[in-house]
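Have a look at the structure below before the remarks.
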Ligand code: HEM
């Protein structure tokens, strides 16, 4: 098997975990927590999910950088000069936003308390989930682009 194929398969496995897990969180776990006004429901899901999701995100970054490096010179990664460069740029910006939201959640939202904390958690989950779907769609379009 070619190295690129192996990285692509790992990238797909990471995408299944990252995007799939966030969809489960946003569409089934979060509504239950909001309905019962119980942040603990989200926290107990995240405790287990984190153990799989963080390595998966790390894998996405590593495999994604390898795959991108094989397609475009680093100087064109944020050039937005062609459809392929635009998709690559969208992926990099979505990644930066995801990392920013993750840090904000870890240090500002999760240590908080009360009703505002649950609402703030909900916004974070919705944003990270939408970004994860965007990363998946932009990735699929990138692969289809050649
Ligand atoms: C973090 C969440 C991410 C998800 C869910 C995701 C998802 C995907 C998916 C589903 C594909 C399509 C693969 C196929 O059609 O076979 C793909 C392709 C791709 N992704 Fe990602 N990705 C993520 C992050 C990244 C990052 C951080 C980068 C680069 C810095 C990246 C770069 C690429 C590239 C270059 C391709 C095209 C691969 C090729 O066919 O050459 N991805 N991604």
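Laboratory data are not the source of any read-out in this text; all were calculated from the coordinates shown. Computed from a predicted structure; not experimentally measured. Glycine also receives a Cβ, built like all others from the backbone with ideal geometry; neighbour counts cover every protein chain displayed.
Things to note:
- Check on residue 80, in contact with a helix residue (DSSP H, G or I) (Cβ under 6 Å, 6 or more places away or on another chain), more than 30 Å from residue 43 (Cβ to Cβ) and outside any helix (DSSP H, G or I): yes
- If the condition is being out of contact with any helix residue (DSSP H, G or I) (no Cβ under 9 Å at 6 or more places or on another chain) and within 11 Å of the ligand (Cβ to nearest atom), then segment 63-77 contributes 65, 69.
- Residues of segment 98-116 satisfying the condition of being surrounded by fewer than 16 Cβ atoms within 10 Å (Cβ to Cβ) and either touching a helix residue (DSSP H, G or I) at 6+ places or on another chain (Cβ under 6 Å) or assigned to a helix (DSSP H, G or I) (or both): 99, 100, 102, 103, 104, 106, 107, 108, 114, 115, 116
- In segment 91-106, the residues that are under 20 Å from residue 122 (Cβ atoms) reach residues that are away from the ligand (no atom under 13 Å from the Cβ) with C-beta atoms within less than 8 angstrom, at least six apart or across chains, in these pairs: 97/127; 101/124; 101/127; 104/124; 105/121; 105/124.
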